[in-house]
């Protein structure tokens, strides 16, 4: 589903009409949701900021906080002659960014698990801080697999 950043919080677009599932699959309820996944394309960004590794580290860290997520680790790499890739490992999943300063473009992925997180707020922060003149956002719910949904779970539980 295509959405604009201004319509993302609190959780518009997460209703049954916009969550497409195969006819044989049950419609996900709040308890069936494992997380929210946002794919964000940022266009016409500030080219200097897209190439500034230190700035991007600070921006990703703040984006994680705005999402209500817990940052576990952050790794970034600046390419020559330009561009940065960053990956934030969250207790709730991840945030990744790949930048192309020469075109003013950034590809962002924000996936968070849990009812307390708001990946839309991370997306909004990245859009604002990188001064994106245009953007495209696709968001969807990740559904809980039956093996996980039917098992007794406690914090830290893993199906593996």
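Tell me yes or no: at least one residue of segment 135-145 is closer than 10 Å to residue 36 by Cβ and part of a loop (DSSP other than H, G, I, E, B).
The answer is no, given that none of the residues of segment 135-145 is closer than 10 Å to residue 36 by Cβ and part of a loop (DSSP other than H, G, I, E, B).
Quick test for you: out of 70, 85, 61, 103, pick the one residue that is under 14 Å from residue 125 (Cα atoms), touching a strand residue (DSSP E or B) at 6+ places or on another chain (Cβ under 9 Å) and surrounded by fewer than 19 Cβ atoms within 10 Å (Cβ to Cβ).
61
Output the residues belonging to segment 79-101 that are closer than 13 Å to residue 42 by Cα and part of a loop (DSSP other than H, G, I, E, B).
If the condition is that a residue be closer than 13 Å to residue 42 by Cα and part of a loop (DSSP other than H, G, I, E, B), then 101 is the only one that fits.
State whether one or more residues within segment 54-67 are modelled with pLDDT under 95, within 25 Å of residue 115 (Cα to Cα) and over 13 Å from the mean Cα position of the chain (by Cα).
no
Listed here are the residues, each with its yes/no results for (1) surrounded by 13 or more Cβ atoms within 10 Å (Cβ to Cβ); (2) in contact with a helix residue (DSSP H, G or I) (Cβ under 6 Å, 6 or more places away or on another chain); (3) modelled with pLDDT of 95 or more.
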site	(1), (2), (3)
6	no, no, no
19	yes, no, no
29	no, no, no
77	no, no, yes
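Select from segment 106-125 the residues that are touching a helix residue (DSSP H, G or I) at 6+ places or on another chain (Cβ under 8 Å) and in a strand (DSSP E or B) and write down the one among them that is surrounded by the fewest Cβ atoms within 10 Å (Cβ to Cβ).
111
The values are calculated or read from the model by the stated rules, or taken from the named source; none is laboratory data. Quick caveat, the model's predicted, so the values are computed rather than measured. Using ideal geometry, Cβ is built from the backbone for each residue, glycine included, and neighbour counts are taken over all protein chains shown.
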